[in-house]
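To keep things clear, I will list the structure first and then write my remarks on it.
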Amino acid sequence: MPKWLPLQKLLQLRLTTCLSITLCIVAIIQFFASYGYYNYDHLDQESLRHHLYAKRNPNLITKLKPECRYNDILQSSKTVGSSKIPRNHYDFLSNGIMNGSYSPEDCTPLFSVAILVTYRNRQSQLDIFIPYIHNFLRKQNIHYKIYIIEQQDDKLWNKGLLYNIGAKQAILDKFPCLILHDIDLLPLDDSNLYACLNHPRHMSASIDKFRFVLIYKTLVGGVLSIRSDQYKELNGFSNKFQGWGGEDDDFAERISKHNLEILRFPPHMSRYTMLQHKQEHKNEDRHRIMEENKRNSQNDGLNSIHYEMINIKNHRLFTMIGVRL
Ligand code: BGC
Ligand code: MN
């Protein structure tokens, strides 16, 4: 055996070890430096009530009751861990809920909110989401109604169009505030008040699936609140995004074009857990459509929705709008 072989082996080993260590360090730095914001720009917890958009649905019958209070909710530190979320709700009580709607019994709410949830073929998530969100929202002293907008065809998924359909109905029903809500997201913090602010609010800034960081600053997907008049002003969502992704980024573009801001509550009030599901098929065209829409969005949105209404069904826990696109 030649003499130099062990020495060469040792050197080789050193070289590969050094290389791997360097690579690991670079990867760790990359991971933490370039992927997401732990502490994104947000409103101060103390100033939140000045930003709230207090408006009731004129159809809500209000008896002589004191105005509801929201300070305790906004200051609440009650939170639930992702792993503690109940997976079944056999003991769920539907007290006070009718057609997906609820209003507090002993005070007059300041806010009326339509929760819009787009849906197709996710029964097991619906079964977890609906009771959970009712239990969460009934503690918030707000008037709310849950709309599930179901795409009842086999065409490509079109979330933007479904939101436009839901928004149209909620606006007809005179809701002044819309909350656009993914069915797989469950709020963890009691202080995350489901009400509109004077600007759109990205409510799900801190999701466990994304290690509780905001993955990019213009993200508005997940859960977003927006005043109904502002939704109309933006002409809602683009109807052109088919398949997964992009419609929310396009909506963020519309928000900034109309000089509205994207506001957020602090991270400790904006935590959500995401129910697991397989990744949907991505729309490869989404960046191209976004570019195209930057030049023209006036004729694509709430004012240009084509669909076939199948039915509006009032279930006790939600109102289901069934459509074919
Ligand atoms: C998609 C968005 C999505 C975001 C986070 C982006 O690439 O275009 O629609 O909300 O990723 O998953
Ligand atoms: Mn999802």
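Rule-based calculations on the coordinates, nothing more; no lab input. Nothing here was measured: the structure is a model prediction, and the numbers come from that model. Glycine gets a Cβ as well: all are built from the backbone with ideal geometry, and neighbour counts include every protein chain shown.
Ordering 165, 262 by the number of other Cβ atoms within 10 Å of each residue's own Cβ, fewest first, gives 262, 165. Residues 316, 201 in ascending order of nearby Cβ atoms (within 10 Å, fewest first): 316, 201.
Given their separation in residues at 0.36 nm each and the Cα-Cα distance between them, residue 244 and residue 135 gain 36.3 nm when the chain is fully extended.
Kindly put 265, 136 in sequence by how many other C-beta atoms sit within 10 Å of each C-beta, fewest to most.
Working: 265 24, 136 17.
So the residues, fewest neighbours to most, are 136, 265.
Helix-only estimate, please: 222 nm mean residue ellipticity of the chain, summing -39500 (n - 2.57) across DSSP H runs of length 4 or more and dividing by its residues, to the nearest 500.
Working: 8 runs with 96 residues, N = 325.
It comes out at -9000 deg cm²/dmol, rounded to the nearest 500.
With 31 Å as the limit, write out which pairs from 139/240; 217/313; 84/232; 278/313; 84/240; 159/294 have Cα-Cα distances beyond it, or answer none. In this structure, 139/240; 217/313; 84/232; 84/240 exceed 31 Å between Cα atoms.
Determine which aspartates and glutamates satisfy two conditions relative to residue 65: a Cα distance under 14 Å, and not lying fewer than 8 residues away in the same chain. Output for residue 65: 105, 106. Cys residues of the chain that find no other Cys beta carbon under 4.7 Å: 18, 24.
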